[in-house]
Amino acid sequence: MPISGTWGRWGSVLLVAALALPLYVVIRVTGAPQDEAPHEAGKSAPAAVAPSQAAYDPADYASSVRHRAQQAGVSAQLSMAILYNEAYKPHDPAFERAWLKLKPGAALGIANMHRAAFEEVKQGRDFAQRRWQDLPDDRDLAIEAMTWYLHDLAVRLPAHWDAPYTKTDLLALGYNAGPGNMLSIARGEHVGGQARSYVDQLHENWAKSKEALAP
């Protein structure tokens, strides 16, 4: 998820976190209603590990990643590596809701998906009736949406490209910067510093992602 500005991703995260913390504490202490609809039976099954305040580790969702990646016909290792890339901010559901109140354009869920991307990718899929606001509480849904989004990006890629990037790199760039930028990069256009950083981080997480998916 790209973040503009001179501070970059971490500066924005720290600023919003500082603003969201008081609201987050109120939600935790008072148990305020979350205005969330109950989970619909027969829809995306929740992951084995429930969202909580505990430290988030993408490896805990390896089973869900393997299953959803196979359904969507995409690389499970790429999917896991993206989860590691997107684990730069707290993914506690209450914190994400507090964050959203201060930054309505924020991304939600462990795969950091924006509303527009979710609304697009769910069309015609078995989670078409689910809401973007469900992502913080349903991590399996977040993984399902992410893997199908990667599938849709792969469909858009041309058979050949000029850029010195692998298909995996381009799909990661597409996830981070959007399909239009992915296609521009594939045509050989300039890659910004943040996009390069995202691919570098993906490479750093690659071996760890394979280990996380091992039976």
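The values are calculated or read from the model by the stated rules, or taken from the named source; none is laboratory data. Fair warning: this is a prediction, and the values are worked out from it, not measured in the lab. Virtual Cβ from ideal backbone geometry, glycine too; neighbours counted across all protein chains shown. Side chains are part of the model used for accessible areas, which takes the heavy atoms of the whole protein and leaves out ligands, DNA and RNA. Shrake-Rupley method; radii C 1.70, N 1.55, O 1.52, S 1.80 Å.
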| field | The one condition in (1) in contact with a helix residue (DSSP H, G or I) (Cβ under 6 Å, 6 or more places away or on another chain); (2) at pLDDT below 90 that residue 4 fails to fulfil | value | (1)
| query | So how many residues does segment 122-138 have that are open to solvent by less than 30 Å² (accessible area, probe 1.4 Å) and under 21 Å from residue 174 (Cα atoms)? | reply | 3
| note | Going through segment 162-174 in order, the residues found to be of a type outside the set (D, E, K, R) and either open to solvent by less than 70 Å² (accessible area, probe 1.4 Å) or touching an Asp or Glu at 6+ places or on another chain (Cβ under 8 Å) (or both) are 163, 165, 168, 170, 171, 172, 173, 174
| task | Among what's in segment 52-91 and is touching a residue at least 60 places away in the same chain (Cβ under 8 Å) and part of a loop (DSSP other than H, G, I, E, B), pick the residue that is nearest to the chain's Cα centre (by Cα). | result | 86
| query | Taking segment 184-215 only, how many residues are surrounded by fewer than 19 Cβ atoms within 10 Å (Cβ to Cβ) and over 15 Å from residue 83 (Cα atoms)? | reply | 12
| message | Against the conditions (1) out of contact with any Lys or Arg (no Cβ under 7 Å at 6 or more places or on another chain); (2) open to solvent by less than 80 Å² (accessible area, probe 1.4 Å), where does residue 179 fall short? Just the number, please. | response | (1)
| Here is a list of conditions, (1) surrounded by 20 or more Cβ atoms within 10 Å (Cβ to Cβ); (2) over 15 Å from the mean Cα position of the chain (by Cα), and residue 153 meets all of them except one; can you say which number that is? | (2)
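To keep it simple, each residue is scored yes or no on (1) more than 23 Å from residue 190 (Cβ to Cβ); (2) assigned to a helix (DSSP H, G or I); (3) among the acidic types (Asp, Glu).
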site	(1), (2), (3)
147	yes, yes, no
150	yes, yes, no
162	no, no, yes
170	no, yes, no
180	no, yes, no
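Going by the conditions given, is residue 147 open to solvent by 10 Å² or more (accessible area, probe 1.4 Å) and either of a type in the set (Phe, Trp, Tyr) or out of contact with any strand residue (DSSP E or B) (no Cβ under 6 Å at 6 or more places or on another chain) (or both)?
The answer is no for residue 147.
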| segment 101-121, residues that are assigned to a helix (DSSP H, G or I) and open to solvent by 40 Å² or more (accessible area, probe 1.4 Å) | 101, 102, 115, 116, 119, 120
